[in-house]
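Contents: one structure, followed by commentary.
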Amino acid sequence: MSIKTRGSIVCGLVMLASCGGASDDAASSDEATDPVETSAAAPVETAAEAEMLGGGILTPIHDGAAGSPHVQVSWLVNGATISITYGRPFLNGRTVGDDVAPLNDAVWRLGADEATTLTTDRDLMIGNATVPAGDYTLWMLSDGETTQLIVNSETGQWGTSYDELRDLGRMTMTVGTLDTPADQLTLHLDDSEIRAEWGTMVASVPIMVH
């Protein structure tokens, strides 16, 4: 009897152990088949919309020596990257051609402080002048009847340092009158022209990428 009792006890323990193992295997099987929980991907932050000026992307440079903020504006035109860096004066009640540049028969830096700089990575045709890829300064000259855009090969100078011998070309501009005066100088560029808006004056010259 004692032997049978011990056998029964042993059998019962074996069965219990066997059942426990099956339960563990089932649990393991259930865990294996359960989908793995993943954290949701963080939403990608969209880049802040670029500030635009004159049809191009604006990058502020500095505030200017006398309150004329300096900017660099970049355009992508027919495969060419073109940028213009210039100071943007305010009229502050003044009149273009009277008490603020451009004045008759005086070369103007087409901006404020440092000379205005144009950079292109492709050859351009501005007006009737071929402008190879590189860095240049832009100037404006008016005699009261004709207004010209000047492209000059000297760069890095202050806006009152102009050397006519370094001119690459002078192009006659088409001049008109703005319905709404521009209180701050703005230069525009697209696939057909460079345009300056200043006071009631708007002056443009054709541009083409080679």
Contact order normalised by length for the range 52-209, with contacts defined as Cα pairs under 8 Å and 6 or more residues apart; what percent is it? 20
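If I stretch the segment between ASP63 and ASP143 completely, what's the gain in nm (0.36 nm per residue apart, minus their alpha carbon distance), one decimal? The partial results should precede the final answer.
Details: separation 80, 0.36 × 80 = 28.80 nm, distance 3.11 nm.
Full-extension gain reported as 25.7 nm.
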Quick note on GLU145, GLU51, ordering by fewest other C-beta atoms within 10 Å, gives GLU145, GLU51
If you stretched the chain out fully between GLU164 and PHE90, how much longer would it get, using 0.36 nm times the residue separation minus the C-alpha to C-alpha distance? 23.9 nm
Computed over the range 148-206: relative contact order in percent, which uses C-alpha pairs under 8 Å that are six or more apart: 30
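Any read-out appearing in this document is the output of simple, stated calculations on the displayed coordinates, not a laboratory observation. All of these numbers come straight from a predicted model, not from anything done at the bench. Positions of Cβ are generated from backbone atoms using ideal geometry, with glycine treated the same way; all protein chains shown enter the neighbour counts.
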